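Values quoted throughout were computed directly from the atomic coordinates according to the rules given, and no laboratory measurement underlies them. None of the values given here were measured: they were computed from a predicted structure. Cβ atoms come from the backbone with ideal geometry, glycine included; neighbour counts cover every protein chain shown.
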Amino acid sequence: MATPAFEDIADTFTFLDDWEDRYRHVIELGKAMPPLDDSFKVAALKVQGCASQVWLRPTLQDGRFDFQGDSDAMIVRGLIAILHSLYGGLPMAQVLQVDAPAELGRLGLNDHLSAQRSNGLRAMVQRIRETAAAEPAGPMTH
């Protein structure tokens, strides 16, 4: 149940022959992502369990989930961009139906990320799922 944006990333990964090229692509995805305004880099939006600093700011617009995110590590910014392609714009009811480990597994990330990065990626997915499960009482901007 991947979004077209995520399918584009998966297709690109298919064409990239080695992990170094994929790693560079992940970093490029992060560089292309708009930065999160510093006013949102607060403890309430910080994701615990990541080796680097990570903030996710969820939003809900017309019943669709979205978020902005940022990190002090370029590879993590890229991982946030990948998660955005996986979840951004989905109807709220579909967010919890996404099998993130299976979808991300298609990219081969688990085989090439450090244990700390893998744990951080799981923490970001968990934060997204918790936020979606908490809606409408969650701290989303409408």
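By what distance, in whole Å, do the Cα atoms of the chain stretch along each of the three principal axes, largest value first?
Per principal axis, max minus min of the Cα coordinates gives 44, 30, 25 Å.
Using the number of other C-beta atoms within 10 angstrom as an exposure proxy, rank His112, His25 with the fewest first.
His112, His25
Taking 0.36 nm per residue of sequence separation and subtracting the Cα-Cα distance, how much length would be gained by fully extending the chain between Ala51 and Ala102, in nm to one decimal?
16.1 nm
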